[in-house]
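Undergrad: For reference, the structure I am asking about is given below.
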Amino acid sequence: MADDGPPRDFQALRTEIAGRAGDLPKRLMQIASYALDNPDEIAFGTVASIAANADVQPSALVRFSHALGYQGFTQLQEIFRSRLRDRVPSYDERLAQLRGHDTAGSRSGLVLDGFLAAAGQSVSRLREQLDHDVFERAVGLLVPGETIYLIGLRRSFPVTSYMSYAMGQLSIRNVLIDGLAGMAAEQAGFMAAGDAAVVVSFAPYAAETVALAVRARERGVELLALTDSVFSPIASAADVMIEISESHFDGFRSLAATMAIAMALSVAVAGRRAE
């Protein structure tokens, strides 16, 4: 925590929690995860309701506030309330309205509008939350990599497959771990110090992706994680982590923000190498 006091805005609070994810006691980490996933509930809820929803004792919320340097929970809660006052209006209300509409007219049109709204919300949130310094660190991590390994299975595979295509077009040597015929471990077998890896995984995290991230870390590979939480199992193994929260429509999550990051990383790395 900084010498001039606790975090004074929501972005600084997120950064503080991310930096202390491995140091907080298990119960306080549980509260931190709940708070970052449900910021509106923290802003509007009571101590009793928040504690019940987070499955902790009310006193734990006070301990969590003190651990972050606040005098009490009310002071911490004000950070979440200021986020709502200061933020650019999101697509949350629009998504709720779409789901409540009469679908007799055009169900297909509703689905299209819903996915477009979810994609817009994902990108808007990423623009609001992503620190450009973190992105610069991510690019800097990949630039010197002799070979860049791209690891992302199941829902994350479209992201890494696109990056492999883009990097190939940009003359960046890479290996796409696609897991065909169960050969993911063998495809990653040549990873070594001097290489870099991009690992992409979102809840529910693919077990094989997590295992490959751990293997990369053990072999001294510089690791960039694209994931949805500081508590993701690939976050702790990463040298740099970009947190991406994708919105969903009727349970189907967007990949719009993640694909934007994938495109930006590929082009930025090529540009930096050209310099």
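The values are calculated or read from the model by the stated rules, or taken from the named source; none is laboratory data. The structure displayed is predicted, hence computed values, not measured ones. Methodologically, a virtual Cβ is constructed for each residue, glycine included, from the backbone with ideal geometry; neighbour enumeration extends over all protein chains shown.
Undergrad: Take the residues of the range 1-42 that are in a loop (DSSP other than H, G, I, E, B) and basic (Lys, Arg): which is modelled with the highest pLDDT?
TA: Among them, the one singled out is Arg8.
Undergrad: If the requirement is being touching a Lys or Arg at 6+ places or on another chain (Cβ under 6 Å), in contact (Cβ under 8 Å) with a residue 24 or more places away in the chain and crowded, with 21+ Cβ neighbours inside 10 Å, which of these qualifies: Met163, Met191?
TA: Working: Met163 fails: touching a Lys or Arg at 6+ places or on another chain (Cβ under 6 Å).
That would be Met191, the only listed residue that is touching a Lys or Arg at 6+ places or on another chain (Cβ under 6 Å), in contact (Cβ under 8 Å) with a residue 24 or more places away in the chain and crowded, with 21+ Cβ neighbours inside 10 Å.
Undergrad: Among Ala225, Ala203, which is under 12 Å from the mean Cα position of the chain (by Cα) and modelled with pLDDT of 95 or more?
TA: It is Ala225.
Undergrad: Same structure, new question: State which residue is modelled with the highest pLDDT when the search covers only the range 230-246 and only residues that are hydroxyl-bearing (Ser, Thr, Tyr) and surrounded by fewer than 21 Cβ atoms within 10 Å (Cβ to Cβ).
TA: Ser245
Undergrad: If you take the residues of the range 50-91 that are β-branched (Val, Ile, Thr) and under 24 Å from Glu128 (Cα atoms), which of them is modelled with the lowest pLDDT? Let's see the steps before the verdict.
TA: At the first step, the residues of the range 50-91 found to be β-branched (Val, Ile, Thr) are 50, 56, 62, 74, 79, 88.
From what's left, under 24 Å from Glu128 (Cα atoms): 79, 88.
Details: Ile79: 88, Val88: 43.
So, considering only residues that are β-branched (Val, Ile, Thr) and under 24 Å from Glu128 (Cα atoms), the one modelled with the lowest pLDDT is Val88.
Undergrad: Which one is surrounded by the most Cβ atoms within 10 Å (Cβ to Cβ), of the residues in the range 247-275 that are modelled with pLDDT of 90 or more and closer than 21 Å to Val210 by Cα?
TA: Within the range 247-275, the match that is surrounded by the most Cβ atoms within 10 Å (Cβ to Cβ) is Thr258.
Undergrad: Name the residues in the range 131-142 that are surrounded by fewer than 17 Cβ atoms within 10 Å (Cβ to Cβ) and in contact (Cβ under 8 Å) with a residue 12 or more places away in the chain, would you?
TA: Of everything in the range 131-142, those that are surrounded by fewer than 17 Cβ atoms within 10 Å (Cβ to Cβ) and in contact (Cβ under 8 Å) with a residue 12 or more places away in the chain turn out to be Asp131, Val134, Phe135, Arg137, Gly140.
Undergrad: On to the next question. If you go through the range 199-233 one residue at a time, how many are in contact with a Pro (Cβ under 6 Å, 6 or more places away or on another chain) and not hydrophobic (A, V, I, L, M, F, W, C)?
TA: 1
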